[in-house]
1. For every other residue with a beta carbon closer than 12 angstrom to the beta carbon of Arg443, add +1 if it is Lys or Arg and -1 if Asp or Glu, then tell me the sum.
2. At 0.36 nm per residue, and after removing the present C-alpha to C-alpha distance, how many nm does the segment from Ile201 to Leu159 gain when stretched out fully?
3. Given labels modelled 7 Å from the Cα in the Cβ direction, how far is it in nm from Arg45 to Thr190?
4. Quick one: of Lys373/Lys566; Lys492/Lys566; Lys30/Lys573; Lys28/Lys566, which pairs are farther than 31 Å apart, Cα to Cα?
5. How would you rank 493-499, 138-144, 262-268, highest first, on the average number of other Cβ atoms within 10 Å across their residues?
6. Using 0.36 nm per residue of separation minus the Cα-Cα distance, give me the extension gain between Glu417 and Glu471 in nm, one decimal.
7. For Asp135, Asp410, what ranking results if the residue with the fewest other Cβ atoms within 10 Å of its Cβ goes first?
8. With 10 angstrom as the radius, rank Ile251, Ile449, Ile131 by how many other C-beta atoms surround their C-beta, starting from the fewest.
Amino acid sequence: MVSMSSTSSLRPRRYKAVIACTTCRRRKVKCDGLRPVCGRCQRKRELQRTCTYIAASDHRSSTVNHHHSSAVVSPQLPTPATSAQINSGNLDAISPPSAHSPVNPGEFSFEVRAAVDARLGLPSPKKRCPIPLTDAPLFGLLSIPDSINPIANPADNVLPPRRHADHLVNLYWQCLDPLEPLLDQRSFGTTYQALFDKREIECNEQIFLCILNLIFALSTQLQESTPSEQRNSASRTFFLRAWHLLRPEVILWQAGSLETVQCLILMTQYLRCTSNLHQTWMALGSAARIALSIGLDRSGRDISEPQRENDVTPDVWQQCVFMDRSLSWSLGRSSSAPRVPFSSNSLRNGSNPPNYDSNAVTSVSEKMQELTKITGYISFSQIPTSRNPAEGLGLAMQTQADPYTVIQIDESLTRLENSLPPFQPNTPIIEPTDRRLFLLRLRIAYTRIILLRPTMAHFCLPHPQPQKPNEPSLADHITQTHATLCVTNAQKLITLIQTCSQQDNPGLIPWWYRVFFLYIAMQHLIAAMLRPDVFATVVVESWNTAVSVLSAHEHLSLSVGRCLNKLRLMWGKVGDIQASISHEVLADCDMGWRDVFQYLGFEAEMSLFGMDDSVGLGDIDWSL
């Protein structure tokens with residue numbers, strides 16, 4: 001029989017809170033415990049002077065006090081005041097710590113899994129969870145050539161049979177364009193017809209062929225009844241043709257054009273469903289730069305382009321801004337798009353389809369633009385302090401991630417949501433404006449989650465606190481309210497996607513959007529279960545619904561099944577942690593819980609592409 005001591009010696013080495021320096025303990029990062037200066041502080045000159053250690057007797061005293069205070073907590077479901085009292089003691093608790101609270105899906109998922117593994121005695125992972133609509137290969141693995149042959153390949157100009165091409169183009173106008181308007185249907189149709197008639201076309205033929213192949217690639221993925229292998233193979237062929245047609249010199253050295261921006265946005269829409277993270281980031285960044293260079297961000301300007309371009313300009317710029325912010329959120333980066341996007345009438349005069357309700361389209365478009373503006377303020381308010389140049393120079397920020405700012409932004413989201421017509425789940429959604437309105441509801445809930453995510457992370461993770469008074473403070477109440485509202489919006493995402501999946505027409509929104517929103521919602525349900533005293537009774541039913549809905553999407557991509565398995569595993573691990581906590585209290589529990597959030601994407605300090613400095617792109621486990 002193996003003794004207890006020998007069993008514990010077999011466990012992998014873990015970083016302990018007891019050996020961490022005060023600087024690493026305060027920043028909630030791992031510490032190697034080297035003295036007189038630890039390895040992490042040694043790398044930064046400004047931290048070398050502040051690297052100190054707490055005496056062992058002081059730590060033992062604080063640990064005993066913490067154990068004693070934990071032992072008197074009632075196992076019954078606490079009132080909001082009692083549960084909030086456990087976690088925070090001052091106004092800082094309701095102020096999302098910009099430098100130490102995860103604000104993006106990749107960080108959040110990574111931290112949750114790491115903390116769960118640490119609490120169970122497993123080594124912390126160095127790989128984060130792939131994120132849908134960022135780097136999870138929903139469209140299968142895509143191998144992009146490192147270089148492009150300067151000699152044009154005639155095969156890249158080959159078009160599918162006219163009947164099949166018409167079917168794919170019609171799918172785009174029916175399912176994708178109503179959600180995210182990007183192209184002018186009339187001018188596109190004219191050029192499309194001329195191309196098949198072998199007549200001369202007015203625009204850049206190479207760019208148009210690239211756009212057309214990207215439409216073919218995305219529309220192929222819309223066909224949910226087609227087996228995933230066949231779907232991925234066909235769409236990959238179309239995408240690689242587009243990839244070879246869009247020459248680097250067109251992007252980098254030639255004068256920018258609206259068509260080039262449209263092409264790059266379509267390319268990004270495809271790339272974000274593959275594992276090619278670098279190409280996704282660079283394609284979208286190039287689109288934003290070119291859009292700025294040709295003035296898409298400036299309102300009320302006189303342009304010399306034909307009126308057809310002026311009609312789609314607001315939609316193109318809005319897509320560029322929102323995609324840039326969404327990708328930046330997922331990667332923990334600061335968005336490069338201006339905070340206030342170009343806003344003007346987005347009607348497309350002379351190119352409107354039959355049964356076109358101009359007033360309805362104008363209303364939805366304006367609300368989309370308003371939401372895009374709100375996301376700009378959220379992105380600006382959540383810039384980590386350590387990355388903010390103004391903060392480093394001692395200058396005041398225009399917007400700060402304090403409770404009042406969060407409340408102001410939430411009020412704007414509430415006004416926007418209340419201005420929408422009442423949602424009727426049993427009403428069939430047929431009109432294009434209905435599709436975009438449905439996406440708007442999803443985006444509002446998602447945006448509110450992003451707004452409240454730092455506070456929720458602060459609430460769900462335990463913190464070493466001074467002796468607390470018997471009565472909770474206002475900060476305690478506000479912190480718990482923010483976390484509860486974050487969970488409520490995660491549940492709202494699940495309800496909306498469930499409604500969408502029950503429609504007779506499953507193409508209400510593309511399946512990769514449905515997977516993304518379900519993933520975001522399930523992330524936060526797992527995080528909420530780190531505080532079962534508050535959320536256990538309200539989260540389980542929503543979790544079961546989300547699992548059922550996401551399971552119905554497994555046939556669409558192997559990545560969906562792998563993602564679901566990982567989420568289920570995390571859910572089970574959190575349950576194991578709750579069972580173990582009732583029997584023991586570990587001195588390094590605080591560090592373990594903080595590591596949990598890393599896998600689901602809530603890490604404190606995050607470098608380029610959301611990974612630790614020592615982790616490269618090749619270290620991401622795409623098989624998850």
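Just so it is clear, none of the values below were taken in a lab; they were calculated from the coordinates. All values reported here derive from a predicted model rather than from experimental measurement. Virtual Cβ from ideal backbone geometry, glycine too; neighbours counted across all protein chains shown.
1. +3
2. Values: separation 42, 0.36 × 42 = 15.12 nm, distance 1.58 nm.
Computed gain between Ile201 and Leu159 is 13.5 nm.
3. Between Arg45 and Thr190, the simple spin-label model gives 6.2 nm.
4. Cα-Cα > 31 Å for Lys373/Lys566; rest within.
5. Per-residue Cβ counts within 10 Å, averaged per peptide and sorted highest first, yield 262-268, 493-499, 138-144.
6. Here the segment from Glu417 to Glu471 would lengthen by 15.9 nm.
7. Details: Asp135 29, Asp410 17.
So the ranking, lowest neighbour count to highest, is Asp410, Asp135.
8. Working: Ile251 18, Ile449 24, Ile131 27.
Going from sparsest to densest Cβ surroundings: Ile251, Ile449, Ile131.
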